[in-house]
Amino acid sequence: MGAAVDRHDPNYDSDSQDEIVYESTQPRLTVDELDQYVEPIIKEYFEHGDTVEVVYDLEGFNLEDDAVRKAILILVVRLALERHSMHREMSSQLLADLHSHQVLSSQDIAQGFLSLLEDVNDLLLDTPEALQVIGNFIARAVADDCIPVEFVATMSSQATTKEASEALQRAEYLLAANHGWIKLDNVWGTGGGIRPVKVLVNKMQMLLKEYLDSFDIQEAMRCLKELEVPHFHHELVYEAVIMVIEDSSDQAAANMVKLLKFMCDAVLITVDQLERGFDRAIQALPELSVDVPNTFLLTERFVLLCTDAGFMSTSLADKLPGKGRKRFVSEGDGGLIKS
């Protein structure tokens, strides 16, 4: 006869009861919920370019349903179809990282492409070049080791529509024409095997370095406009703050304030992009302080200069970490640093 489990039972013995362990469970994400929960994550990724953040966000969901993982591939490609080559390159890189972090398996990606090929006629209505784009995505996925090369040949022989055959033939052509597939890193025309985000970061860093050498604000403005990435201007702000800290000179800080003020006054850098860039820089301060001991002080001083120049909200100063830094006072106190 088993032990009584009801506390009101006369034979109940608390010492004989096994410890009860409660486990939290998370409901499975459904395909119908992707638009609500996953689509905003992908759209935000097109702004910040951090695949690790997307991986982290998606790992927070219960993705046990095969149909959901397949639908994530479809969602990424569909959103990329609506955008430019840079975003398609970002999407290819995202798929590669989702695969390497085991968020999506090769089977998930292959099945997702199959579904896209089945519905390709619908995609052609909004994106006339959909066949070429999907072919590019498939070839790049092979080059990134997301799906085996055999997938393309097998699907090509089994294609049931002319459109699906054309997309797969495009993939086969790219894989055959690019020996070793190294050049497929350039399938979206973004240059070399570097991610577009890294290319933009390098260009913005060079732009700022050249400005600090020449102090030519108009040239810096022209270079930033030529990049045509207003959604990524927060990176320029971030790099400007980091550069001021690493340079640590008053001249670099003063000249960077002039540049940012000019760009903000011209609405080349919006308030949202300005705040996002500074927020990112503030988050990086602890790591940066390892190499630059007075990082917090330099940042606070730079923020003060920006607020005094009138283009930055004083609320940003409140976000600065208080630990390990001293308060920098205004020039009215002689530029002294108070404890």
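The values are calculated or read from the model by the stated rules, or taken from the named source; none is laboratory data. Small disclaimer: the values here were computed from a predicted structure and weren't measured. Please note: Cβ atoms are built from the backbone with ideal geometry, for glycine as well, and neighbour counts cover all protein chains shown. For accessibility, only protein heavy atoms count, side chains too; no ligands or nucleic acids. Shrake-Rupley method; radii C 1.70, N 1.55, O 1.52, S 1.80 Å.
Accessible area per residue for segment 214-330 is 49 Å², calculated with a 1.4 Å probe on protein heavy atoms, without ligands, DNA or RNA. A cut-off under 13 angstrom between Cβ atoms defines the neighbours of Asn255, and their net charge, with Lys, Arg +1 and Asp, Glu -1, is -2. Note on Ala266/Asn62: beta-carbon distance plugged into 1/(1 + (r/R0)^6) with R0 of 51 Å gives a FRET efficiency of 0.65. The stretch between Thr314 and Ala176, if pulled fully straight at 0.36 nm per residue, gains 43.9 nm over its current Cα-Cα span. The phi-based Karplus calculation (6.51 cos²θ - 1.76 cosθ + 1.60; θ = phi - 60°) puts the 3J(HN,Hα) values of segment 260-269 at 5, 5, 4, 5, 6, 4, 7, 6, 6, 10 Hz, whole numbers, x for Gly and Pro.
Using a probe of 1.4 angstrom and keeping all protein chains present, the accessible surface of segment 69-153 works out to 37 square angstrom per residue. In terms of packing, defined here as the mean over residues of other Cβ atoms within 10 angstrom, the peptides 113-122, 243-252 line up highest first as 113-122, 243-252. Summary of packing: across the peptides 286-294, 35-43, 302-310, 90-98, the per-residue average of other C-beta atoms within 10 Å ranks them, highest first, as 90-98, 302-310, 35-43, 286-294. Subtracting the Cα-Cα distance of Lys225 and Gln36 from their residue separation scaled by 0.36 nm leaves 64.7 nm. Spacing of the modelled spin labels on Gln283 and Lys209, each 7 Å from Cα toward Cβ, amounts to 2.6 nm. Just so you know, the Cα atoms of segment 64-133 work out to an Rg and Dmax of 11.9, 34 Å. With a 1.4 Å probe and all protein chains left in place, how much of the accessible area of segment 111-252 comes from carbon and sulfur atoms, in whole percent? C and S fraction of accessible area: 49 percent. Using R0 = 41 Å, the C-beta based FRET efficiency linking Glu129 and Asp216 works out to 0.55.
Using the Cβ-Cβ distance between Arg28 and Ser105 with R0 set to 22 Å, the FRET efficiency works out to roughly 0.85.
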